1. Tell me, what is the percent relative contact order of the chain, built from C-alpha pairs under 8 Å that lie six or more residues apart?
2. When only C-alpha pairs under 8 Å and at least 6 residues apart count, what is the relative contact order of the range 101-190, in percent?
3. Could you tell me which residue out of Ala66, Asn106, Ala86 lies farthest along the dipole of the range 59-122 toward its positive end? Charges go on the beta carbon: Lys and Arg +1, Asp and Glu -1, centred on the Cα centre.
4. Against the longest alpha carbon principal axis of the chain, how many degrees, from 0 to 90 and to the nearest 10, is the axis of helix 150-160 turned?
5. Just to check I understand the Karplus step: with θ = phi - 60° and J = 6.51 cos²θ - 1.76 cosθ + 1.60, what whole-Hz values come out for the range 191-204, glycine and proline as x?
6. Taking amide H positions as placed in the peptide plane 1.01 Å from N, state which residues far from Val123 in sequence (5 or more) or on other chains have amide H under 5 Å from it.
7. Translational D (Stokes-Einstein, µm²/s) of the range 77-173 at 25 °C and 0.890 mPa s when Rh comes from the Kirkwood sum over C-alpha pairs?
8. I'd like the Karplus ³J(HN,Hα) series for the range 62-79: coefficients 6.51, -1.76, 1.60, θ = phi - 60°, whole numbers in Hz, and an x wherever there's a Gly or Pro.
Amino acid sequence: MLILALDTSGREGSLALARAEAETCTLIEQVSLAGGTYSARVIPELAGLLERNSLQRQAIDLYVVASGPGSFTGLRVGLATVKALAEVLGRLLVEVSVLEALAFANGRKGRVITALDAQRGEVFIGEFEVAGAETAGYPVATLRQELAPLGDFAAWAFAHKPKQPVVTSDAAVADALRRAGVDVALASRPTAGTMARMGLLKFRAGITVAPAELDANYIRRSDAEIFSAPRLGIPKS
């Protein structure tokens, strides 16, 4: 099975081609994508990736895409590209949250809280239960994904003392949390290669989405709909 994964959610993105055999997912090639150029570069980079590996688009069996949260424009470009390819070629799709990928990629097990910079003094927050790879089914259960002011989240995390460090790939968020006395693990932002592996696990667990049903996970829907995280006990501003 050949898997194509695309992430256009952040300032920098990536495109990955991977091969799944038995229980393994081997990365064939990964290409970096510069933020701000997604609409112009995704299709040419995809074409070059396939050409370098002597493949046609019809050879791709599964498409995986970062569904958010992140840049509104970047997400629309990535989702529209993958949706069109999967629909035309009659392929299945898997969507992966960036917060979910961050929880999966850091290697910790149990309750994992992740945070990403949402700008405007806010953070995207994810809470997940991560099992071992040997677990039957998909090993990451999503408990919540929400938006909160960074200061309120830091105060909540300090008061509740999560058993594991809060995982973030944003240095500014890590610094703010540490200043508030919160235990933090600064990790690399997940790439399309990580999402390809997650996509395979989801596919094998039957967690797929039809192209017509694919939608972005903005969390912050619009300026008029910004909400905080009441289920985490973080008060609204």
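1. 22
2. 30
3. Asn106
4. The helix 150-160 is inclined about 70 degrees to the chain.
5. 10, 4, x, 4, 5, 5, 5, 5, x, 5, 4, 5, 4, 5
6. Hits under the 5 Å cutoff: Ala118, Ala148, Leu150.
7. Stokes-Einstein gives a translational diffusion coefficient of 164 µm²/s.
8. So the Karplus estimates, Gly and Pro as x, are 9, 10, 10, 9, 6, 9, x, x, x, 4, 4, 5, x, 4, 4, 5, x, 5 Hz.
All of the numbers you see were taken from the coordinates with simple rules; none came from a lab. It should be emphasised that the depicted structure is a prediction, and the values quoted were computed from it without experimental measurement. Cβ sites come from the backbone with ideal geometry, for glycine too, and all protein chains shown count toward neighbours.
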